[in-house]
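What follows is calculated from the coordinates using simple rules that are stated; it is not laboratory data. All of these numbers come straight from a predicted model, not from anything done at the bench. We place every Cβ from the backbone using ideal geometry, glycine too, and count neighbours over all the protein chains shown.
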Amino acid sequence: MMDRRQFLQGIGAFAATAGISSSVMAASADQPRFLLVFLRGGYDASHLLVPVSSSFYYESRPNIAIPRPSERPESALPLSADWGLHPALRDTMLPLFQQGELSFIPFAGTDDLTRSHFETQDSIELGQALNGKRDFHSGFLNRLAAVIQPQQPMQCMAFTDQLPLIFQGDARVANLALKNPAKMQIDQRQSQIIRDMYQKSRLQDAVTEGFNVRADVMRELQEEMNSANRNAISTKGFALEAQRIARLMREKYALGFIDVGGWDTHVDQGSSKGTLANKFEELGKGLQTFREEMGGQWKNTTVVVISEFGRTFRENGKRGTDHGHGSVYWVLGGSVKGGKIAGDQQQLTASTLFQNRDYPVLNEYRAVLGGMFARMYGLSDSQLAQVFGGVRPRDLHLI
């Protein structure tokens, strides 16, 4: 029997889908797909994209630095004269980089200086000017959807328990957690209770349409879960969730969001092996799975991986790193002009660190994403201003 909390969660998940019109049930085949992956916790970007030409990096991290490129399996994978990739991504992300389907943007992030997980996450998801009044009912992906909608109907989905801040706003957005869809099942009796609640109200039609959308999604998930008994990918980690997301975005949704937690590594984050290396490996497998499952739609797809901030350039006394500032963004997809380290960069020395501790932000995220959105959707300056007000877009020529 479903307990009260599960029942309320089910209603919440259902309520989000109730706002989606059944008259537009799927994204068109040639419509661009965009997925934003948010790594919550502030991941250590210097562990991912290793500044192998910086002797200061190796001085600053005597215990956790990734070795310079060599024949040894624990060494960084060479990407350029200045940068290497964490070896945990040898089999997943390195081939994409070499094939021109993946690029990295170092020194990326927000100008928010709080170094607070929650405040910086909110700041990024809102995408609003830091010196103005915040509107917590207006996330930047919702504004993007609202701008695009008049030109081409867009199905949007947050693959999360709750509708995230980034998708709050006037545009209709569904949310659905895929980690354990069984917890959100609503039987016929409970469905009838919900229908009765909204009978003869202005939401009656939306409720019926929401049930129809939800039934379609759950049917697809159940089919995938049934097939998992025969040569199926493991249910552990991000990889299976990525497979489910890809199946839905391939057929229905053009704009998606997923967050992945656990990136706050103050203690014993490891080096080529260890806690953070394992997370990179799982994330890489998930993204690789997403690419494979998108099939022919991969050519229309762009995935951007971000985090609220990077971490301190120097390791701390517990062989970890603390909250930082600038980060490294990943940009991958079949439409990406990859195989390069993009954006403004600088040498990493003691004198160039931000506040003597962090990566500086040289590539402001709203400007960078605005440039991508202009390329993907053909948005005008006035349309981009509705998404990211007060920011001039920067085209890094990645799309």
Quick one: which of 54-63, 104-113, 297-306 comes out on top by average Cβ neighbours within 10 Å, and what's the full order, highest first?
104-113, 297-306, 54-63
So between Asn316 and Thr275, what do we pick up on full extension, going 0.36 nm a residue minus the alpha carbon distance?
13.2 nm
Rounded to the nearest whole number, the per residue volume of the convex hull around the C-alpha atoms of region 23-102 in Å³ is 141 Å³
Would you mind checking the pairs Lys279/Lys299; Lys252/Lys299; Lys273/Lys318 and listing those with alpha carbons more than 18 angstrom apart?
Lys279/Lys299
So, with +1 on the Cβ of K and R and -1 on the Cβ of D and E, and no other charges, what is the size of the charge dipole of region 78-121 about its Cα centre, to the nearest 20 debye?
160 debye
Under the Kirkwood approximation applied to all pairs of distinct alpha-carbon atoms, what is the hydrodynamic radius of region 240-355 in Å?
16.4 Å
5 angstrom amide H check on Asp358, placed H, neighbours 5+ away
Phe313
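Arrange the peptides 283-291, 131-139 so that the one whose residues have, on average, the most other Cβ atoms within 10 Å appears first.
Result, highest mean first: 283-291, 131-139.
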Please report, for the Cα atoms of region 71-137, the Rg to one decimal and the Dmax as a whole number; what are they, in angstrom?
17.6, 53
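Kindly state, to the nearest 0.05, the FRET efficiency for His137 paired with Arg392, given R0 = 30 Å and r defined as their beta-carbon distance.
That gives a FRET efficiency of 0.75.
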State the extension gain, in nm to one decimal, for the chain segment bounded by Leu113 and Asp268, taking 0.36 nm per residue of separation less the distance between their alpha-carbons.
53.3 nm
Net length gained if the chain between Glu74 and Gln162 were fully extended (0.36 nm per residue, minus Cα distance)
27.8 nm
Quick check: the distance between the Cα centres of region 32-69 and region 84-162, to the nearest angstrom?
18 Å
